[in-house]
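The values are calculated or read from the model by the stated rules, or taken from the named source; none is laboratory data. Predicted, not measured: the structure shown is a model, and the values here were computed from it. Methodologically, a virtual Cβ is constructed for each residue, glycine included, from the backbone with ideal geometry; neighbour enumeration extends over all protein chains shown. SASA here: full protein model, heavy atoms, side chains in, ligands and nucleic acids out. Shrake-Rupley method; radii C 1.70, N 1.55, O 1.52, S 1.80 Å.
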2 protein chains.
Amino acid sequence: MRRLRLLTPGPVNLHPAALAALAQPQLHHRSPEAGELVRDLRDRIARLAGTAGEAVLLGGSGTAAMEAAVRALLPPGARVWVPVAGKFSERWCEIARAAELVPVCDAYDWGRAVLPEAVPAAPLDGVLLTHSETSTGVLQPLAELAARVRERHPEALVVADVVTSFALAPVRMDAWGLDAVVLGSQKGLMSPPGLAAVVLGPRGLERLRPAGYYLDLARELRAQRRRQTAFTPPINLIEAAAGVMAALESEGWEARFARVRRANERFYALGEASGLAPVPASGAERSPATAAFYLPEGAAYDEASQAFAARGWRVAGGQGPLKGRILRVSAMGYFEPGELERAWRDFAEVIAGLA
Amino acid sequence: MRRLRLLTPGPVNLHPAALAALAQPQLHHRSPEAGELVRDLRDRIARLAGTAGEAVLLGGSGTAAMEAAVRALLPPGARVWVPVAGKFSERWCEIARAAELVPVCDAYDWGRAVLPEAVPAAPLDGVLLTHSETSTGVLQPLAELAARVRERHPEALVVADVVTSFALAPVRMDAWGLDAVVLGSQKGLMSPPGLAAVVLGPRGLERLRPAGYYLDLARELRAQRRRQTAFTPPINLIEAAAGVMAALESEGWEARFARVRRANERFYALGEASGLAPVPASGAERSPATAAFYLPEGAAYDEASQAFAARGWRVAGGQGPLKGRILRVSAMGYFEPGELERAWRDFAEVIAGLA
């Protein structure tokens, strides 16, 4: 059976530059070529994240990078604020607890924007934010939240999950006052999953403390400054992601961001024209990484999913409290010429047949 | 420039089944096909490891699996014995310290076998052993060591690194009394680096405790029993490794082990015929994963390495106290028809020209 093409908000269809890298003979991670790839990808990531700081690559998923960032930047007992408005902000909360921090996890309705007014007045050592909340399709006002944190708690570290905003929307660490962000290979970088990164701003670099072993960012940073890695890295994925970033840079990031945003808005326009309600509440900014809709009353997600599969597409449902209630599609991956047009047409036809 | 072919003891030249898997369109890790791959690879690994227990897959390097096993099986304060006779047994010691165990790290000359008589009499909660010590080329007598531990310390958990013995030599967890072993994708499984596994024997499964977040084996085991993973897994590497295992199984594991052992012995025969002294001490069993030689007096590793590179091969040098003093080659990867014969010929010619 032909493999379904992905309309899921990660993983996504691979960029041809990623597939080309994966077809290469195995590279040894201690070779000069590998060292150059490590340097190249670290530089590209830090530049796109808008920081004078540095990226640290990790073998693992985005969650590995989230945990590494928390443990390396905040000691046990640290008081952190986590506004929870979806599955990934909830994960920050779980990781903070596992790392023995003292998180204040404020719950918001899923689909809502978290407003800067929500930043608590009580003393904080850090905040753990989510830029693009993939589970709801909301792009949280990260710049405004970070600015309010800096104002109220100048010493608190600002850490953000940009897993589904990086390479899809602007992320400006130094300008916005972000001390660390985390990302993964299988979203805007259109590569397979298994590679993640923590990008450290100048203050993040200063505050780094040794923590753990495999996920110890301080150890990795020392190695990566010498174009090495502390342990065997997923070098094939490093080559893939570096190749994709080089290809996207030659297109220009602003053009790429605009293209993905327009493609995603097209899904929203088609869905709303068919009477589907968007998951992001009115007033919440929509993430370019996914278009999320409530299913019509009485429509089952499994049936919708099967209708898409019959046309060759894999889509995503809801997570947590939204499980079974929503449908998510994404235009952030790679599409062959004409493929996205076919996706829009099939999307319109399938949702017209729902309920 | 053509990429060098690998004679290194990991990573290795990719098996065609791995390359075929990597050329596939991206699979979604929550699809039924992905669930079946997770089940298939877990089953194949547990079967080849010789246990009625279960494998847990992890996104990361072999070191990630080492740390996950230590934290999940041994609480802070646990007394563990670590016989250190190379870089990878040294790593067990470092991980045990990072996890706040109380390790007794007994140092042996690198290249020596650790004999069962060395098992200490003082009370122990666990032992951390290394089967194939890749840094020296010694295959430690794992079955005998484990038997002695079981005899002296019936309650102590026996954990072993089989990173460069798995799929290269017999590993019989239940028969030998191993409670957990760790392995990675980039050695005998001839796949890219980035996927690791901890295999738990029946007693390892019983003693599992929650630990950490991303590397929490208990959480992963619960998810993987449902054909899921707790976090986004390196599904492309899971497909690659499962494909390679299926191909090797159809050849038969005993035939594969014998073929790799013979190919490695051929390097030893050629090296010894040229007067090179093997790193494994006399009496120590040689690992099939690498042939390691002391360089002749006055011969520089960099020159040897460059001579191999000029012929299209990448070889490995020494680590730790053996850095600059030894040369390592490996026949554990994939070789095209005639390629291994060419490797032997080039090896003989290059070493004849040393010093």
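Side notes on the structure shown:
- Translational diffusion of region B:11-157 was estimated from the Stokes-Einstein equation, with Rh taken as the Kirkwood radius over Cα pairs; at 4 °C and 1.567 mPa s the coefficient is 74 µm²/s.
- Using C-alpha pairs below 8 Å separated by at least 6 residues, the relative contact order for chain B is 25 percent.
- Extension reserve of the B:Ala309-B:Arg262 stretch, reckoned as 0.36 nm per residue once the Cα distance is removed: 14.5 nm
- Reachable lysines from B:Lys323, criterion Cα separation under 28 angstrom, eight or more residues apart if same chain: B:Lys87, B:Lys187
- Contour minus Cα-Cα distance for B:Ala273 and B:Arg2 (0.36 nm per residue): 94.5 nm
- In the context of the full set of protein chains, residues of chain B present 35 Å² of accessible surface per residue (probe radius 1.4 Å, heavy atoms only).
- Think of region B:16-250 as having a plus end and a minus end, set by charges on the Cβ of Lys, Arg, Asp and Glu; of B:Ala20, B:Ala218, B:Val84, B:Ala218 sits farthest toward the positive end of this dipole.
- Chain B: calculated mean residue ellipticity at 222 nm from DSSP helix runs of at least 4, using -39500 (n - 2.57): -12000 deg cm²/dmol
- Along the axis of the charge dipole computed for the protein assembly as shown (Cβ charges of +1 for Lys and Arg, -1 for Asp and Glu, origin at the Cα centre), the listed residues A:His153, B:Trp253, B:Trp344 are led at the positive end by B:Trp344.
- Charge-dipole axis of the protein assembly as shown as Lys and Arg at +1 and Asp and Glu at -1 on Cβ define it, positive-most pick from B:Ala310, B:Val329, B:Leu115: B:Ala310
- Rounded to whole Å, the principal axis extents of the Cα atoms in region B:77-182 read 34, 27, 24, largest first.
- Modelled spin labels at A:Glu285 and B:Arg172, positioned 7 Å past Cα toward Cβ, are 6.3 nm from each other.
- Here each label is just a point 7 Å from Cα along the line to Cβ, and for A:Gln228 and A:Ala118 those points are 4.4 nm apart.
- For chain B, the percent of C-alpha pairs falling in each 10 Å distance bin, counted from 0 to the bin holding the largest distance, reads 6, 26, 33, 24, 10, 1.
- Pairwise Cα inverse-distance average, inverted: Kirkwood Rh of the protein assembly as shown (Å): 26.2 Å
- Across peptide B:13-22, the mean count of Cβ atoms from other chains lying within 10 Å of each residue's own Cβ comes to 3.
- About its Cα centre, the protein assembly as shown has a charge dipole of approximately 300 debye under the convention of +1 per Lys or Arg Cβ and -1 per Asp or Glu Cβ, with nothing else charged.
- With a cut-off of 14 Å on the backbone N, the residues of region A:261-284 near the modelled label site 7 Å out from A:Arg325 along Cα-Cβ are A:277-281.
- Put the Cα centre of region A:3-23 next to the Cα centre of region B:126-159 and the gap is 42 Å.
- DSSP finds beta bridges in the protein assembly as shown, and of those with both partners inside it, around 55 percent are antiparallel.
- Using a Förster distance of 51 Å, the FRET efficiency for A:Asp302-B:Glu297 (Cβ separation, nearest 0.05): 0.10
- The mean count of C-beta atoms from other chains within 10 Å of the C-beta of residues in A:25-37, rounded to a whole number, is 5.
- Magnitude of the charge dipole, region A:16-250, Cβ model with Lys/Arg +1 and Asp/Glu -1, debye to 20: 440 debye
- Dipole magnitude (debye, nearest 20) for region B:33-109, charges at Cβ of Lys, Arg, Asp, Glu: 100 debye
- Comparing mean-square fluctuations of A:Pro278, A:Pro25, A:Pro123 from a GNM of chain A with C-alpha springs under 10 Å, the top value falls on A:Pro25.
- Principal semi-axes of the equivalent ellipsoid, √(5λ) from the alpha carbon gyration tensor of region A:229-355, are 30, 17, 16 Å from largest down.
- Here is the list for region A:273-355: GluC sites (Glu not before Pro) lying in DSSP coil, each with at most 16 other C-beta atoms within 10 angstrom of its C-beta, are A:Glu297.
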